[in-house]
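The values are calculated or read from the model by the stated rules, or taken from the named source; none is laboratory data. Fair warning: this is a prediction, and the values are worked out from it, not measured in the lab. Note: ideal-geometry Cβ built from the backbone for every residue, glycine included; neighbour counts use all protein chains shown.
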Amino acid sequence: MLIVSCVLAALYFLPGTAAGQEEIKVKIGSSGRGEVRFGVEPFVITAPSDKIEQYRQIAYSILLWDLRFSLRFDVDELDDDLRSRMYTDPSKMRKERSKAWLDKGVDVFVRGEISKEDLEYKIAITLNGPASEARILEKTYLAKRSDFRRVIHQMSNDIIYAMTGEHGIGRTSIAFISKRTGNKELFLADCDGFNEKRLTGNRSINLSPAWSPFGDEIIFTSFRDGNPDLFIFNVLSNSTRKYISYPGINSAASWSPDGKEIALTLSKDGNPEIYIVEFWTGKIRRLTYSKGIDTSPSWSPTGKEITFTSDRAGTPAIYVMSKDGSNVRRLTFVGNYNASPAWSPLGDRIAFVGRSVDEGNTDLYVVDVTSKDVMRISAIGDNVDPCWSPDGYHVAFASNRNGAYDIYTITWDGAKLHRITYSGQNYSPAWSPVMLK
């Protein structure tokens with residue numbers, strides 16, 4: 001057990017309907033930011049009732065956050081005076097607001113109405129171009145109080161899809177490990193940090209969650225039964241089952257893009273090496289044969305290559321190999337410590353943790369797979385455990401920049417930071433795939 005503990009320390013302590021389409025093109029610039037000016041209007045209350053004002057504000061704030069977070073648009077709001085102005089004539093309100101958008105140079109804007117019918121909120125939106133006011137999208141949503149946030153996230157996803165043909169990430173979730181209960185348990189939260197909930201309660205050590213490509217299951221390592229075994233949590237049934245339990249380490253699992261295979265680290269043959277297991281049959285094959293520790297595999301989006309951490313050259317570095325274990329080559333040379341690689345779903349970059357020899361702290365880096373150019377995207381505290389958003393524009397990670405470790409997201413170029421968790425020690429984020437249902 002002492003050997004297992006020492007190896008684990010090395011492995012884990014890595015400090016609607018479109019109508020009348022206008023010709024509006026959405027472009028993502030070289031910095032990953034949209035060039036389309038996008039306006040968001042406050043929702044109009046059509047039938048005042050208890051708490052509807054509160055939900056009107058919630059809907060407006062979620063929509064603003066989602067559209068800005070998507071990086072597809074330059075999102076603008078109405079001036080304070082026009083946003084708070086009271087109207088008795090709806091047509092006058094629409095006319096004045098449309099003129100304001102036109103004066104601001106906005107390309108497209110969303111406006112909507114909210115009312116309450118029995119136990120449901122009804123939210124109707126239109127997506128318009130300010131010059132002609134041609135409708136790009138028109139849709140009505142019904143939301144109960146319990147799923148109100150989810151519905152508004154879906155609204156933002158529909159808007160993004162109508163404008164870009166790409167799926168938004170508003171309804172995605174981030175799984176993570178938290179020690180807030182005294183044990184390292186598996187938790188889940190919306191990608192904006194709301195709706196946190198605990199998924200496991202085994203009062204043990206749980207580590208390294210990873211999502212299936214279908215978003216229905218999370219694989220993770222747990223010491224629940226004494227040995228570091230692999231378990232799978234089913235998000236739909238809220239149930240957990242043991243998956244792999246070879247003697248020694250069973251860790252760092254990563255699902256292939258098609259869901260048919262899992263890359264992982266096993267020490268059943270003595271040394272921690274990378275293996276692939278066929279998900280349904282359990283058949284395994286070994287990929288690496290080195291004297292060092294090989295761990296943290298991450299699939300390329302094509303499923304043809306795997307990046308991983310190895311100290312075969314003396315210090316941990318990032319390597320890439322073909323899925324059959326051939327064509328192994330070293331990718332990074334940052335300082336004396338490179339670990340925890342995560343391959344972007346766009347296929348062009350790999351995020352990893354590096355430690356500068358001069359500064360001594362661990363930071364997030366992004367390396368271009370083709371050119372091998374490296375960019376540091378974090379610089380405060382220790383930053384570890386990177387994972388990508390499914391659209392490839394954000395990296396989630398754990399950082400102790402405010403004292404305790406919490407989960408944050410940052411744009412792939414390090415420009416914008418968002419904090420996701422605020423309590424306990426939180427580690428190892430895993431971003432879900434896009435939820436379409």
(request) Please work out if Arg145 is at pLDDT below 95, basic (Lys, Arg) and in contact with a Leu (Cβ under 8 Å, 6 or more places away or on another chain). (result) yes
(message) Against the conditions (1) in a loop (DSSP other than H, G, I, E, B); (2) modelled with pLDDT of 95 or more, where does Ser156 fall short? Just the number, please.
(response) (1)
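Results for (1) in contact with a Leu (Cβ under 7 Å, 6 or more places away or on another chain); (2) at positive phi, shown as yes or no for each residue.
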{"site": "Ile159", "(1), (2)": "yes, no"}
{"site": "Thr164", "(1), (2)": "no, no"}
{"site": "Arg198", "(1), (2)": "no, no"}
{"site": "Leu207", "(1), (2)": "no, no"}
{"site": "Gly215", "(1), (2)": "no, yes"}
{"site": "Asp225", "(1), (2)": "no, no"}
(message) Test of understanding: among Asp373, Asp348, Asp324, which residue is assigned by TED's automatic domain parsing to the domain that holds Val277, under 18 Å from Ser254 (Cβ atoms) and surrounded by fewer than 18 Cβ atoms within 10 Å (Cβ to Cβ)?
(response) Asp324
(request) Can you work out which of the residues in region 58-99 that are of a type in the set (Asp, Glu) and under 34 Å from the mean Cα position of the chain (by Cα) is modelled with the lowest pLDDT? (result) Asp80
(message) Quick check on Asn402: is it within 16 Å of Asp363 (Cα to Cα) and in the same structural domain as Ile350 (by TED's automatic domain parsing)?
(response) yes
(request) Identify the residue in region 425-437 that is assigned to a loop (DSSP other than H, G, I, E, B) and closer than 22 Å to Val353 by Cβ and, among all such residues, is modelled with the highest pLDDT. (result) Ser432
(request) Mind counting the residues in region 229-273 that are of a type in the set (A, V, I, L, M, F, W, C), over 17 Å from Asn202 (Cα atoms) and part of a strand (DSSP E or B)? (result) 8
(message) Any residue at all in region 87-95 that's among the aromatic types (Phe, Trp, Tyr) and crowded, with 16+ Cβ neighbours inside 10 Å?
(response) no
(request) Could you list, in sequence order, all residues of region 179-207 that are assigned to a loop (DSSP other than H, G, I, E, B), of a type outside the set (D, E, K, R) and more than 15 Å from Ile420 (Cα to Cα)? (result) Thr181, Gly182, Asn183, Leu199, Thr200, Gly201, Asn202, Ser204
(message) So the check is Cβ under 8 Å with 6+ separation or different chains; which pairs have a first residue in region 134-153 that's over 15 Å from Ala59 (Cβ atoms) and a second one that's among the charged types (D, E, K, R) and in a loop (DSSP other than H, G, I, E, B)?
(response) Ala134/Glu22; Ile136/Glu22
(message) I want to confirm something. Restricting to region 124-141 and keeping residues that are among the aliphatic types (A, V, I, L, M) and either at positive phi or at pLDDT below 95 (or both), which single residue is surrounded by the fewest Cβ atoms within 10 Å (Cβ to Cβ)?
(response) Ala131
(message) among the small types (Gly, Ala, Ser), under 22 Å from Ala252 (Cβ atoms), assigned by TED's automatic domain parsing to the domain that holds Ala263 and buried (at least 24 other Cβ atoms within 10 Å of the Cβ): is that true of Gly354 in this structure?
(response) yes
(request) Kindly provide the set of residues from region 372-390 that are at pLDDT 95 or above, polar (S, T, N, Q) and not in a strand (DSSP E or B), ordered by number. (result) Ser389
(message) For region 398-424, which positions are more than 11 Å from Gly193 (Cα to Cα), touching a His at 6+ places or on another chain (Cβ under 9 Å) and not in a loop (DSSP other than H, G, I, E, B)?
(response) Ile410, Thr411
(message) Quick check on region 246-264: of everything there that is within 19 Å of Cys387 (Cα to Cα) and polar (S, T, N, Q), which residue is surrounded by the fewest Cβ atoms within 10 Å (Cβ to Cβ)?
(response) Ser256
(request) Working only within region 314-328, note down all residues that are under 28 Å from the mean Cα position of the chain (by Cα) and more than 17 Å from Ala263 (Cα to Cα). (result) Pro316, Ala317
(message) Please go through region 363-420 and give me each residue that is hydroxyl-bearing (Ser, Thr, Tyr) and within 16 Å of the chain's Cα centre (by Cα), ordered by number.
(response) Ser389, Tyr393, Ser399, Tyr408, Thr409, Thr411
(request) Residues being closer than 24 Å to Asp294 by Cα and crowded, with 17+ Cβ neighbours inside 10 Å: count how many of those fall in region 225-245. (result) 7
(message) Out of the residues in region 333-369 meeting the condition of being modelled with pLDDT of 95 or more and outside any strand (DSSP E or B), tell me which one is farthest from Lys291 (Cα to Cα).
(response) Leu346
